[in-house]
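The values are calculated or read from the model by the stated rules, or taken from the named source; none is laboratory data. Everything numeric here is computed off the predicted structure, so don't read it as measured data. We place every Cβ from the backbone using ideal geometry, glycine too, and count neighbours over all the protein chains shown.
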Amino acid sequence: MKITINDVARAAGVSASTVSRVISDSPKISEKTKERVRKVIEELGYHPNAIARSLANQSSKTIGLILNTEAETLVRNPFFIQAMTGISQYAQEQGYNVMFAYNKSEDGDLDIAVRYVNSGSVDGIILFTSRTNDKCIDFLMKSNFPFSVIGRPDHTEGVLWVDNDNFQATYQVTNHLIMKGHKRIAFLGGPRDHNVSRDRFEGYKAAMTVHGYSIDRNLTFLEGSFSEEFGSKCMSEILSAHKNGAELPTAIVTSDDMQALGVLKAMRKMNVSDVAVTGFNNMPVSLYKNESFTSVDVNASQLGFCAAKLLIGRIEGIADLPAHYIVPAEIVEVEPLY
């Protein structure tokens, strides 16, 4: 038979409301009473109802994630899973649950944020992207609702955020190619309204400029998505132009490993193998099978862990909370499995 809060109250000789206050560690209850009630709870094996406990505390002990992606990409792109793993790890350590919703458009993200806030189902929100003039950030700031962002926002004042130094990481990976002798280097960007896309393009552009190399507009793709399809489309256009006499790039800097995978597949289809390819996120090598390339490990799990740490710290009212974390990124050489 299931043990109820009333069973605990009768056994401890207190009211059900007192049991509830003991569970929430209310300072209004004496330590002697708390000790007695906790002993009965342990003896009876009572497990407090999470919803009832949350109502008593006016807290859901849940954080909500808003992932700007579609279902297929969410499943295929390990960045999201790795970041969510880091979030879940810290949340569980602090006794919080995690719920998530995904959507591809900014207005859709805003609808999710409004629903989270108005429903009272979460104590705080983690946004998985930061856009130019971000509507979600603006809404959450005006609502004075706890949130953190994976990605550097336009205006950082009053915003908790975590990111890599995407400018520096892309500068380094482009410089890495240049040091290997590459001069004609293409670039594939992400969605133009994402700050990470702008930072990565600026890093690429700075490295090319420092070395005195020009940026070919025909090899620069800025209206992109972090998808295999976009990478394949861009590489197909490059190869088509090459058939008509255009010079091939000797290397391609992409903004995501999914883009890099699309580039590599298009190259394989056209029997092209002498173009170096770089990606971002350091996806599991098994997804590339027999491909060799360079990637930037953004430590996605650590990004998620830090985003959860910032958010839960704000929810819990922790003093001297840092405003942001910069997670180190690392260039890695991915070797073929066979």
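Would you confirm whether any residue within region 279-291 is in contact with a strand residue (DSSP E or B) (Cβ under 8 Å, 6 or more places away or on another chain), within 24 Å of GLY189 (Cβ to Cβ), among the polar types (S, T, N, Q) and modelled with pLDDT under 95? Among the residues of region 279-291, at least one is in contact with a strand residue (DSSP E or B) (Cβ under 8 Å, 6 or more places away or on another chain), within 24 Å of GLY189 (Cβ to Cβ), among the polar types (S, T, N, Q) and modelled with pLDDT under 95, which makes the answer yes. Inside region 81-123, residues that are of a type in the set (Ser, Thr, Tyr) and either modelled with pLDDT of 95 or more or not assigned by TED's automatic domain parsing to the domain that holds GLU316 (or both) make up a count of 4.
One residue stands out among those in region 22-41 that are within 39 Å of the chain's Cα centre (by Cα) and without any contact (Cβ under 8 Å) to a residue 12 or more places away in the chain: the one that is surrounded by the fewest Cβ atoms within 10 Å (Cβ to Cβ), which is PRO27.
Regarding ALA241, is this residue assigned to a helix (DSSP H, G or I), in contact with a Cys (Cβ under 9 Å, 6 or more places away or on another chain) and more than 25 Å from GLY151 (Cβ to Cβ)? When the stated conditions are applied, ALA241 does not pass them. Looking only at residues of region 124-143 that are among the basic types (Lys, Arg) and at pLDDT 90 or above, we find that the one that is surrounded by the most Cβ atoms within 10 Å (Cβ to Cβ) is LYS135. Part of a helix (DSSP H, G or I) and either under 29 Å from LEU219 (Cβ atoms) or out of contact with any strand residue (DSSP E or B) (no Cβ under 8 Å at 6 or more places or on another chain) (or both): does that describe ALA186? For ALA186, the condition - part of a helix (DSSP H, G or I) and either under 29 Å from LEU219 (Cβ atoms) or out of contact with any strand residue (DSSP E or B) (no Cβ under 8 Å at 6 or more places or on another chain) (or both) - is not met.
The residue that is farthest from ALA308 (Cα to Cα), counting only those in region 123-139 that are over 14 Å from the mean Cα position of the chain (by Cα) and of a type in the set (Val, Ile, Thr), is THR132. Name every residue in region 199-231 that is surrounded by fewer than 19 Cβ atoms within 10 Å (Cβ to Cβ) and part of a helix (DSSP H, G or I), in order of residue number. GLU202, LYS205, ALA206, THR209, VAL210, ARG217, ASN218, GLU229 - these are the residues of region 199-231 that are surrounded by fewer than 19 Cβ atoms within 10 Å (Cβ to Cβ) and part of a helix (DSSP H, G or I). Residues in region 292-338 that are part of a loop (DSSP other than H, G, I, E, B) and of a type in the set (Gly, Ala, Ser) were compared, and the one that is modelled with the lowest pLDDT is SER292. Restricted to region 245-267, and to residues that are among the hydroxyl-bearing types (Ser, Thr, Tyr) and buried (at least 24 other Cβ atoms within 10 Å of the Cβ), which residue is farthest from SER292 (Cα to Cα)? Residue satisfying both the conditions and the ranking: SER255. Within region 185-205, the residues that satisfy the criterion of being out of contact with any Gly (no Cβ under 7 Å at 6 or more places or on another chain) and among the small types (Gly, Ala, Ser) are ALA186, GLY203.
Show the residue pairs that are 6+ apart or on different chains and have beta-carbon atoms under 9 Å apart, the first residue being within region 100-129 and under 18 Å from MET84 (Cβ atoms) and touching a residue at least 12 places away in the same chain (Cβ under 8 Å), the second being part of a loop (DSSP other than H, G, I, E, B) and among the aliphatic types (A, V, I, L, M). Between residues of region 100-129 that are under 18 Å from MET84 (Cβ atoms) and touching a residue at least 12 places away in the same chain (Cβ under 8 Å) and residues that are part of a loop (DSSP other than H, G, I, E, B) and among the aliphatic types (A, V, I, L, M), the close pairs are TYR116/VAL122.
Condition test on LYS265, is it in a helix (DSSP H, G or I) and at pLDDT below 95? It is true that LYS265 is in a helix (DSSP H, G or I) and at pLDDT below 95. Of all residues in region 6-18, those satisfying the criterion of being surrounded by 18 or more Cβ atoms within 10 Å (Cβ to Cβ) and touching a helix residue (DSSP H, G or I) at 6+ places or on another chain (Cβ under 6 Å) are VAL8, ALA9, ALA11, ALA12. The listed residues are PHE167, PHE221, and the only one of them that is modelled with pLDDT of 95 or more, touching a Cys at 6+ places or on another chain (Cβ under 9 Å) and farther than 22 Å from ASN271 by Cβ turns out to be PHE221. For region 96-132, a residue qualifies if it is in a strand (DSSP E or B) and either in contact with a helix residue (DSSP H, G or I) (Cβ under 8 Å, 6 or more places away or on another chain) or closer than 14 Å to PHE145 by Cα (or both), and the qualifying residues are ASN97, VAL98, PHE100, ALA101, TYR102, ASN103, GLY124, ILE125, ILE126, LEU127, ARG131. If you go through region 151-203 and keep only what is under 16 Å from the mean Cα position of the chain (by Cα) and of a type in the set (S, T, N, Q), you end up with ASN164, ASN166, ASN195, SER197. Per the listing ASN175, ASN144, ASN195, ASN164, the residue uniquely free of Cβ contacts under 8 Å to residues at least 60 places away in the same chain and over 27 Å from SER59 (Cβ atoms) is ASN175.
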